[in-house]
Amino acid sequence: MIIFGTKGYLYQLAIVTLVCGRCGNPSAHTLRKRVTKFTLFFVPLFPVSTKYLTQCTFCAAEQKLTRDEAERLQAQGTVTG
């Protein structure tokens, strides 16, 4: 029997101050990277998907970003990880 599946990992890359598109408040946003990896016998082997997002600390709204946008925000933000 072969046991396989996926497992998600969430990395916090930086904290940046932005104006939220949902609530309109200038607040801190956490820049996060979500990686889903293929696992075989519970051992993560390789990434299947990678997504970048920001989350408002005021209203908890999430916004998806491209890799280029995430790298640009990470360069201007406070690095946390």
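The values are calculated or read from the model by the stated rules, or taken from the named source; none is laboratory data. All values reported here derive from a predicted model rather than from experimental measurement. For neighbour counting, all protein chains shown are included, and Cβ atoms are generated from backbone atoms with ideal geometry for every residue, glycine included.
Quick rundown of the values:
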| quantity | calculated |
| --- | --- |
| Test: residue in the range 8-16 that is modelled with pLDDT of 90 or more and hydroxyl-bearing (Ser, Thr, Tyr) | yes |
| Any hit, the range 1-16, residues being touching a residue at least 12 places away in the same chain (Cβ under 8 Å), in contact with a strand residue (DSSP E or B) (Cβ under 6 Å, 6 or more places away or on another chain) and not in a strand (DSSP E or B) | no |
| Test for Phe46: is it surrounded by 14 or more Cβ atoms within 10 Å (Cβ to Cβ) and either touching a His at 6+ places or on another chain (Cβ under 7 Å) or not aliphatic (A, V, I, L, M) (or both) | no |
| The range 10-43, subset charged (D, E, K, R) and more than 14 Å from Leu73 (Cβ to Cβ), residue surrounded by the fewest Cβ atoms within 10 Å (Cβ to Cβ) | Arg22 |
| Residues satisfying the stated conditions in the range 1-37, i.e. of a type in the set (Phe, Trp, Tyr) and closer than 20 Å to Arg67 by Cβ | Tyr9, Tyr11 |
| Residue that is farthest from Leu13 (Cα to Cα) [pool: residues in the range 32-68 that are of a type in the set (D, E, K, R) and in a strand (DSSP E or B)] | Lys37 |
| Test: residue in the range 72-79 that is surrounded by 14 or more Cβ atoms within 10 Å (Cβ to Cβ), among the small types (Gly, Ala, Ser) and farther than 30 Å from Met1 by Cβ | yes |
